[in-house]
Amino acid sequence: MATRESVEACLQQCENAIQIAQQQYTAGTKQAHYHDEDYSNALQGLENAANELLKMTDSASHQQREQLHRMRLQVQQLQNEMILLDHDH
């Protein structure tokens, strides 16, 4: 069973990855990807967060799984937006 602290730490890691990725996404829409490495790193951060969420889900309680699932949807949505923006430029 995942501890409350481990789930909270995972969710915080995801929030951090989302925040960085949102900044890069916003910059990417304005700068036509002059900072491709930062953009790629932000996408990698989202991928790492999604993987951690999946791992954490295996040992989570029902309520924790719900939290983790909602966060995973947020991460995946932003990943999709970033990938589509990346291909548009």
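Only the coordinates and a few stated rules stand behind these numbers; no lab work does. This is a predicted model, so every value here is computed, not measured. Cβ coordinates were reconstructed from backbone atoms using ideal geometry, including for glycine residues, and neighbour counts include every protein chain displayed.
Rounded to the nearest 20 debye, the dipole size of the chain about its Cα centre is 320 debye, using +1 on the Cβ of Lys and Arg and -1 on the Cβ of Asp and Glu. Helix 4-31 and the longest principal axis of the C-alpha atoms of the chain enclose an angle of approximately 10°.
List the chymotrypsin sites (Phe, Trp or Tyr not before Pro) in the stretch 1-72 that DSSP assigns to loop (not H, G, I, E or B) and whose Cβ has at most 13 other Cβ atoms within 10 Å. Which are they? Passing both the DSSP loop test and the Cβ count: Tyr34. Rounded to the nearest 10 degrees, what's the angle between the helix 62-88 long axis and the longest principal axis of the chain, both from Cα atoms, 0 to 90? The answer is roughly 10 degrees.
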